[in-house]
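Where a number appears in this text, it was derived from the coordinates with a stated rule and is not lab data. Please read all numbers here as calculations on a predicted model, not as lab measurements. Cβ placement follows ideal geometry from the backbone for every residue including glycine, while neighbour counts extend to all protein chains displayed.
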Protein chains: 2
Amino acid sequence: MHKRIVILGGGFAGLYTYKHLRRLLARVPDVRITLVSEKNYLLFTPLLHEVATGGLMPEVIIEPIRTMLDLSRSDFCKARVKRISLTTAKVETSEGELPYDYLVLALGSETNFYNTPGASEHAYSIKTLADAARIKNQILANFEHAVYAPEQERSSLGTVVVVGGGPTGVELAGELAEFLNRTLLPTYGAGERAEPSVILLERGERILGYEPERVSNYARDVLMRKGVNVRASMTVAEVSGDGVLLKSGDRIAARIVIWAAGVKPRVLKLQPPSILEADGRIPVDALLRVRGYENVFALGDLAAVTDAHGVRVPDLAQSASKEAKVAAHNIAAAIVGTKQRVFTWRPTGFLISLGRWAAVGNIYGIFVKGPHIWWLWRTVYLFKMLSWQKKLAVAVAWTVNLFSRRDVSEL
Amino acid sequence: MHKRIVILGGGFAGLYTYKHLRRLLARVPDVRITLVSEKNYLLFTPLLHEVATGGLMPEVIIEPIRTMLDLSRSDFCKARVKRISLTTAKVETSEGELPYDYLVLALGSETNFYNTPGASEHAYSIKTLADAARIKNQILANFEHAVYAPEQERSSLGTVVVVGGGPTGVELAGELAEFLNRTLLPTYGAGERAEPSVILLERGERILGYEPERVSNYARDVLMRKGVNVRASMTVAEVSGDGVLLKSGDRIAARIVIWAAGVKPRVLKLQPPSILEADGRIPVDALLRVRGYENVFALGDLAAVTDAHGVRVPDLAQSASKEAKVAAHNIAAAIVGTKQRVFTWRPTGFLISLGRWAAVGNIYGIFVKGPHIWWLWRTVYLFKMLSWQKKLAVAVAWTVNLFSRRDVSEL
């Protein structure tokens, strides 16, 4: 009888779990892994902001899932997950029912608008390729519209507000400033230009609030120099088609508001539903097993993972890939009967791009910054890309971008 | 007082007219050219079939229009053309009214379903990037669906019918056969595969009917060897969601029917409407001027251009670019008061790709074929691409494709 492992989710968490399992179980007979995902590709989310701002073509930051699988010992099921029953050990998908012996929950997260009025209707998310294309196309449409619009509309047509000063918002704001000022503006004649402006709103006292203060200050200074209007201690009270209303009562006129303020776990129809935490996350034990189910593992953005000291592990591609390694180990150990392993969280550091030739980071506790870090940042991401074809495509695109303007085509 | 030249259409015809005019009028003062297009990019249509079959990313075959314009002496107007009044010399667009001194009508064509029942609802066009993406995504969806579909549906889920054995249909069929058999099929495990099949239906006695018989025969033999089922003398009576009904009464079960059987001029709201020919084309004189209007020129797919012998010039990128040269010359001549020129049509030849390593063509009357012609075909297209950035991107993609499978990601 086969052992059936079902992995739900085609993001970093799911794919890394698959890759580790494939290696760990290479010589174990009678195991079959099924990976379930709604999209047929892995999206390299850390580069999404470059797609939204014309630096990379959408297809270079995705990798088809099927070409990553060993089809003799695993399947891909392109389907939507409808219901998960831990009670009967079955997953109901849009392509039928999948029974499992081991289950990995890695379905990720969606944008969290925190019930801000108007946000889910009017703000742009930045989670998928379609999101990135929508943002780019709307920026282009607004700039085109500004050519024929009355003088007084040119400011709001050229303004992009980014809500949320975390890594996503910071990287996006830096790229947006370059895209609007350096790439887009010169393609319009004098007298037909929108007035470009990028405003980064952070609710806390400083952007990148989880990092040391010198990181925040450096990032703020670089962004300001690049033309980003960085405004901390600003809470958005409402989003509309005309811009944002701040809690202070001030209004910012903008045709595009991008919401990078947070994520929440994807909503699951789980049986029994009682196991979910109040914030919708799935609580896991130190082995990353869903509490009460020895054969079900949860990781990535939808799991409430805590480290040895009880501190919540942040939602990062980095943490997801480390969790994947432990979850895969523990499933393999359960199958072959060896010892399982406790998950420990030791961040190796982070690197944040601040637009062309600028980056800031912290590697094993050391503060790093400057153009060489920007190169390092890009190389790190390049090496994380999965196939040589996509590595080459990204490297060529980045090299071209050093010598020429980005692409202003609609997507 | 400025002379205002308005060019309607951002395809080959419109862009080439612009480029020639820009050169010819470089030293002529007081001229302003406005180019109007609904999309902000030029689409390199001859490579569209490679996008539909995973050979090229969509963005490498487009070129943003704004970066091609000299903004000090011309404008781009991204807008839909609503009405054209030759009587009052004004164009009404979705962004406002444009008066003109000289007008170029180059709005191109759309798919012609020849009133075949069900065709416009169920058949896929192949004219835009969105069309190419729809075709690729539907093929991928059908193959994924086949994994879980009952045995008897695997044939129709794997079948793609191409209607029309002209250059577009022939090139597409060759690429489809490779995509289905060489790229897509190996990404599925045994027992979960759709049965791939590409059927090319031609109404006439042979495919590429306008070319010499040996060209047709060679193309047919190559396509058959690559697994395309080439069927001549087949008229489609009806298209449905299940496939096509032939005039003979036979049915072909297929979930995807691609209509490459012909085009018709884009429908214009023209004042006076009486000047249009019965087939919707605009009749032009030997100088490419719309009959009765010395300051209005028409070219490309929407013009009824005849050569010196009264024979209709075919709708090709090649003819459009040659017409553009003459139209631009004649507008410039009218402005500076020099002699206008008669359009003569002398085809330089053609090259048709028949999938990987195979092509056929006719260059100045000489029959050519084989792998070196395939290389030539690609080089010809590469050199026609407009910017070095896109040339590089296409060259890299094609080189990668020589060593690896195409991209099976959804678009």
Most mobile of B:Ser85, B:Ser321, B:Ser353 per a Gaussian network model of chain B (Cα springs, under 10 Å)? B:Ser85
Cβ crowding within 10 Å averaged over residues, with A:50-58, A:226-234, A:269-277 ranked highest first: A:50-58, A:226-234, A:269-277
Under the Karplus relation with 6.51, -1.76 and 1.60 and θ = phi - 60°, whole-Hz ³J(HN,Hα) for segment B:14-26, x at Gly and Pro, equal x, 5, 5, 4, 4, 4, 5, 4, 4, 5, 5, 9, 4
What spacing in nm lies between the two simple spin-label points modelled at A:Gln138 and A:Asn229, each 7 Å away from Cα in the Cβ direction? 1.8 nm
So the label point sits 7 Å from Cα along the Cα-to-Cβ vector; using that for A:Asn229, what distances do you get to the other copies, in nanometres, sorted shortest first? 6.3
Cα-based reach from B:Lys339 at 30 Å (exclusive), listing lysines while leaving out same-chain residues under 8 positions away: B:Lys3, B:Lys19, B:Lys90, B:Lys322, B:Lys325, B:Lys384
In nm, to one decimal, how far is the B:Ala308 label point from the A:Leu386 one, both placed 7 Å along Cα→Cβ? 6.1 nm
Set the Förster radius R0 to 51 Å, insert the Cβ-Cβ distance between A:Lys269 and B:Ser120 as r into 1/(1 + (r/R0)^6), and round the FRET efficiency to 0.05. 0.85
Which of B:Leu200, A:Leu180, A:Leu103 comes first, and how do the rest follow, when ranked by fewest Cβ neighbours within 10 Å? A:Leu180, A:Leu103, B:Leu200
With the dipole of the protein assembly as shown worked out from charges on the C-beta (+1 for Lys and Arg, -1 for Asp and Glu) around the Cα centre, which of B:Phe343, B:Tyr293, A:Thr235 lies farthest toward the positive end? B:Phe343
In degrees, nearest 10, the alpha-carbon axis of helix A:317-336 is tilted away from the dominant principal axis of the alpha carbons of chain A by 10 degrees
Too long at a 21 Å Cα-Cα cut-off: which of A:Lys390/B:Lys136; B:Lys226/B:Lys390; A:Lys136/B:Lys78? B:Lys226/B:Lys390
In sequence order, what are the phi-derived ³J(HN,Hα) couplings for segment A:260-269 according to the Karplus relation 6.51 cos²θ - 1.76 cosθ + 1.60 with θ = phi - 60°, rounded to whole Hz, with x for glycine and proline? 10, 8, x, 10, 9, x, 4, 6, 10, 8
Measuring from the longest principal axis of the C-alpha atoms of chain B, the long axis of helix B:129-148 (C-alpha) lies at a number of degrees, nearest 10, equal to 10 degrees
Exposure proxy ranking, count of Cβ atoms within 10 Å, fewest first, for A:Val368, A:Val284, B:Val400: A:Val368, B:Val400, A:Val284
Just to confirm my numbers, what's the Cα centroid distance between segment B:343-411 and segment A:353-377 in Å? 42 Å
Out of B:Pro265, B:Ala358, B:Leu386 - ranked by how far each Cα lies towards the positive end of the dipole of chain B, with unit charges on the beta-carbon of charged residues - the top one is B:Leu386
Could you size up the charge dipole of chain A around its Cα centre, putting +1 on the beta carbon of Lys and Arg and -1 on that of Asp and Glu, and report it in debye to the nearest 20? 1340 debye
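Given chain B, what percent of its DSSP beta bridges are antiparallel, to the nearest 5? Let's see the in-between values first.
Working: 33 of 69 bridges.
Here the antiparallel bridges make up roughly 50 percent for chain B.
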With unit charges on the beta carbon (Lys/Arg positive, Asp/Glu negative), name the residue among B:Thr183, B:Gln152, B:Ala253 whose Cα is farthest towards the positive pole of the charge dipole of segment B:119-261. B:Thr183
Taking amide H positions as placed 1.01 Å from N in the peptide plane, with prolines and chain starts having none, which residues 5 or more places from B:Leu411, or on another chain, fall under 5 Å of its amide H? B:Asn137
Which distances, in nm and shortest first, link the A:Asn295 label point to the same label point in every other copy, taking 7 Å along Cα→Cβ? 8.2
Run the label-point distances for B:Arg182 please: 7 Å along Cα to Cβ, every other copy, nanometres, shortest first. 3.9
Any chance you could list the semi-axes, whole Å, largest first, of the equivalent ellipsoid that the Cα gyration tensor gives for the protein assembly as shown, using √(5λ)? 49, 36, 22
What average number of partner chain Cβ atoms lie no more than 10 Å from the Cβ of the residues making up A:147-159? 1
Quotient of Cα Rg and 2.2 N^0.38 Å for chain A, N being how many residues it contains: 1.03
Cα centroids of segment B:225-252 and segment B:271-341: how far apart, whole angstrom? 37 Å
About its Cα centre, segment B:119-261 carries a charge dipole, from +1 on Lys and Arg Cβ atoms and -1 on Asp and Glu Cβ atoms, whose size in debye to the nearest 20 is 200 debye
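I need B:Asp301, A:Asp242, A:Asp279, B:Asp315 ordered by Cβ neighbour count within 10 Å, fewest first.
A:Asp279, A:Asp242, B:Asp315, B:Asp301
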In percent, how large is the relative contact order of chain A, given Cα pairs closer than 8 Å and 6 or more residues apart? 19 percent
Quick one: compute the contact order of segment B:119-261, relative version, from alpha carbon pairs under 8 angstrom and 6+ residues apart, as a percent. 34 percent
Could you compute the net charge surrounding A:Val336? Neighbours are other residues with a C-beta less than 12 Å from the C-beta of A:Val336; K and R count +1, D and E count -1. +2
Roughly how many debye, to the nearest 20, is the charge dipole of the protein assembly as shown about its Cα centre, given +1 on each Lys and Arg Cβ, -1 on each Asp and Glu Cβ, and no other charges? 1660 debye
Phi-based couplings in Hz for segment A:301-312 (Karplus 6.51, -1.76, 1.60; Gly and Pro marked x): 5, 8, 9, 8, 9, 10, 7, 4, 8, x, 8, 5
Helix axis angle, B:388-403 relative to chain B longest principal axis, alpha carbon, degrees: 10 degrees
Could you work out [θ]222 nm for chain A from helices alone, using -39500 (n - 2.57) per DSSP H run of at least four and dividing by all its residues? Round to the nearest 500 deg cm²/dmol. -9500 deg cm²/dmol
Counting C-alpha atoms alone, how compact is segment B:118-217: give Rg to one decimal and Dmax as a whole number, in angstrom. 14.9, 46
